[in-house]
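Q: Quick one: the structure is below, questions incoming.
Every read-out reported here was derived from the displayed coordinates using simple, explicitly stated rules and does not represent laboratory data. On a predicted model such as this, the values are computed, not experimentally measured, just so you know.
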Amino acid sequence: MENEADLFYRQMPKVELHAHLNGSVSFSTIEKLMARKPHLNIEHNMTAILSGQKRTLDECFQVFKVIHQLIDTEEDILMVAKDVIREFAEDGVKYLELRTTPREDKNTGMTKRSYVQTVIEAIRQCKNEGLDIEVRLLVSVDRRHGVEVAMKTVKLAEDFMRSTDGFVVGLDLSGDPTVGHGGDLLPALQKAKNCGLKLSLHLSEVPSQVDESELLLNIPPDRIGHGTFLHPEVGGAQSLVDKVMKNNTPLGKNVLSNQRSTIKVYEYIPPHKHQSDFGPLVFCSIQTDDRGVFCTELSKEYQLAASTFSLSREAMWSLSQKAIDFTFAPDSLKQQLHQKWFELHPSLF
Ligand code: 6MZ
C-alpha cells in the first residue's frame, strides 16, 4: 500500500540521469523474458538483489551476465526498453537519460547497430504513444572490452548522434571498475568529446582508481557517475575533489546501488554536505543506477536521501529541479522542463 510520503515522492517530477538499460528491467518484464526462454532455467534471485541483501561488486556483475542471456534479440530489446521507459514515467520521471552497451548476438542476428537502432525505436514509440517523459540515450563503452572496441563504439554513437533527431546525446564509460585501466581508453573518450558527444564517466567507484581518476578528470567529463571515492585528501598536486570543483562537474549519487554493492567509506554524503565539503560549485543528482537489479525506484531513492539526511520536501524538490541543468538535453528542452516543474509545484505543496 502506498503511503502519503510514497505518493508525494512518486508524484514529484524527477530527472533520472543514470539508468543502465539492462540493469533497469523490472520483475514483471523479467517474468515475460523468462517465459520466452524457459530453457535457460533462470530464477528471480539470479537477476535482482533483494531488500536486505548485499553483494560484492563482482557478484553484481554476474547478475548482468544472467540478464544479458535473457535479452538477446531485437524483439527483447524493444520490449525491455519500452517497459523501462513506461515504468520510469509511472514513477514520475519526466526526463530520462538511458544508457546501454551495444551488444551483438551471432545466433539471433542482432548487431550492435541494430541494438542501438531498436532502443531508439522504443524511445520513438513511447513518444508517439504520448507518454509524459522525454528520453535521451547515452551509448556505453564497457571498460572490460579495451580501446579497440571502445573506438568502434564511439564511431557508432557518433553516427547515431548525427542521424537520429537528437536522441543520442552522449557516451558513458562503465563496466566492472576493478577490470582494466580507464587510462587506456583515453583516445576513445577524447574522440567522443571532440565529435560533440557529452561524456558521463563512472569514476572512483572503488578505492583503487586514483591514477585513473586523475587521468579521466583531465579530459574533463561532463558528468561523473558514483564518484564515491573522490576525497579532498586523495590525488596529486591537486586533489581529485579540487579537479571536480574546478570544472563544476555534476556528480550522480546512487544511494541503494552503492549501499548494496560496495563497501564505501565515502558513501551517503548528503547533497547539502557535498556543498559544504566540496564548495558550492559541486552539484549532485539522485539516481537509480540499476533499478531492476537493486529493486528500487527513483522516488524511493529520493525518499531514502530525504530521511537519511533529514532534508525537507522543498529541499528534495529543489534537488530534482536542479538536476535539469545537469542533463545533456538542449537548452530549449531544459527550459520546457523548468516550466513543467514550475507548473506542477502548486499541486504538490
Ligand atoms: C559500473 C555498471 C554498473 O549496458 O547492458 N553497469 N558499470 N558500475 C555499476 N555499478 C553497479 N551497473 C551497471 O546495462 C548493464 C551494464 O551496465 C554497466 C555494466 O557494464 C553492465 O554490464 P547495459 O544496458
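Q: Give me the Kirkwood hydrodynamic radius of the range 1-142, using the inverse of the mean 1/r over all pairs of distinct Cα atoms, in Å to one decimal.
A: Over the range 1-142, the inverse of the mean reciprocal pair distance is 16.1 Å.
Q: Just list whichever of Lys152/Lys198; Lys14/Lys82; Lys127/Lys152 have alpha carbons separated by over 21 Å in the model shown.
A: Exceeds cut-off: Lys127/Lys152.
Q: Something else now. With n ≥ 4 as the cut-off for DSSP H runs, can you work out [θ] at 222 nm for the chain, using -39500 (n - 2.57) per run divided by the number of residues, rounded to the nearest 500?
A: Calculated at 222 nm, the ellipticity per residue is -14500 deg cm²/dmol.
Q: Another question, then. Roughly how large, in nm² to one decimal, is the mean projection of the convex hull of the alpha-carbon atoms in the range 285-341?
A: Directional mean of the projected Cα hull area for the range 285-341 stands at 4.4 nm².
Q: I want to verify the translational diffusion coefficient of the chain in µm²/s; compute it with Stokes-Einstein, Rh as the Kirkwood radius over Cα pairs, at 37 °C and 0.692 mPa s.
A: Estimated via Stokes-Einstein, D reaches 162 µm²/s.
Q: Could you estimate the translational diffusion coefficient of the range 124-255 from the Stokes-Einstein equation, with Rh from the Kirkwood formula over C-alpha pairs, at 20 °C and 1.002 mPa s, in whole µm²/s?
A: 139 µm²/s
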